[in-house]
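No lab work stands behind these numbers, since they all come straight from the coordinates. A quick note: this is a predicted structure, and the numbers were derived from the prediction, not measured. A quick note on method: Cβ atoms are made from the backbone with ideal geometry, for glycine too, and the neighbour counts reach across all protein chains shown.
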Amino acid sequence: LQLKLTHSLRCANRMGFVRDCDLQRALAYSSYDLAWLTPVVFPLSMSLFTQGISWILLWRERLQTDPSIGVLTGGLLLVETFFGVFCICSCLANFVTRDYVGGETACGFQGWYAGWYVFSQLPMLAAMGIITGQAVRRGSDTLPSPKQCALGVIVVLIAAAFIAALPFLGVSHYSFPKDYCSTDLQDRPYAALFLLDFLFTAGCIAWGPLRVVLGCIPEQNSSRSIDAGADHSQNCLLRIICAAIVALFTWGFTVAAVISVVGLVQGSTCDDPFATSSPVFGLNAIFLHVQQLVNPVLYGVYLRRQLSTEACSVVNVMPKGATSAP
């Protein structure tokens, strides 16, 4: 520990991609014990399980899924999966050694992939919100083509990787607020970028899923089923799914939005009690991990199936072994 602190003090006059005070906190941190393992690594392990199930179902039901919706769902699952794998590898390495492994390089990489996750996940959720409104209101004719969706996913992934890498280019920095490194949402460049992304995604969620929940989008039922009871059941299920989407988005990103607003007002300073002592950043990390657990099932299974039905691409997505009614 003394050697690591000495190394940090030698770097005191240097500004790298990790702020010096945050690097010193990371090198001195040694509390990766069982009390930390349970609320972090266990949900991460479960999220990898739900992601795997979602990938399997996406592949098995590919012929029953609208191609455009399948591409967007695959893009969202890709983001969740990569982040989950990176996270659990870092967490297990830190837990085994009871230390922050890798120093500045590991902190920079963790900060990069955490930023990449946030800045790629939000546009993906925004796209799913828009697709929800289009599929429910007008069916499959108005959806973008699978090639357009694939191009959009690629652009989002590349743009998010660039934004997350800004500290390596001398813009902003990565921070170590509690027990992990991330892009500094209190630093004004990242605070502004996040709030713009958050507000745009919130608008898309409101335009699609929230309007479905409120009954503001008339559904196109005439081309699907002549059974009014089946239509009512499908409508209720879609509303439940959309209500869960609205609730999860609001719950999952409000804390990060508060952090960014505070950052815009007062900026980011070393040893800020808001970042180092308050539970805000810990809650933000937990909320992100909960999304990793829920999003693959909510978007990757239930919303994908329901939107494929709404888009009039299929009549119904039936579980394996089920038989259609005569």
- Item | Environment charge of residue 125, counting only residues whose C-beta is closer than 12 Å and scoring Lys/Arg +1, Asp/Glu -1 | -2
- Note on the structure: The relative contact order of region 232-306, taking Cα pairs under 8 Å that sit 6 or more residues apart, comes to a percentage of 53
- Mind listing the phi-derived Karplus ³J(HN,Hα) values for region 114-126, rounded to whole Hz, using 6.51, -1.76 and 1.60 with θ = phi - 60°, and x for any glycine or proline? 5, x, 4, 4, 5, 7, 9, 5, 4, x, 5, 5, 4
- Would you pull out the residues with amide H under 5 Å of residue 18's amide H, same chain only if 5 or more places away, H placed 1.01 Å from N? 174
- Query: For residue 146, what charge total do you get from the other residues with a beta carbon under 15 Å from its beta carbon, if Lys and Arg give +1 and Asp and Glu give -1?
  - Reply: +1
- Query: With contacts defined as alpha carbon pairs under 8 Å and 6 or more residues apart, what's the relative contact order of region 108-207 in percent?
  - Reply: 45
- Message: Rounded, prolate or oblate for region 229-279? Axes are the square roots of the Cα gyration tensor eigenvalues, ordered a ≥ b ≥ c, and the cut-off for rounded is a/c under 1.5.
- Response: prolate
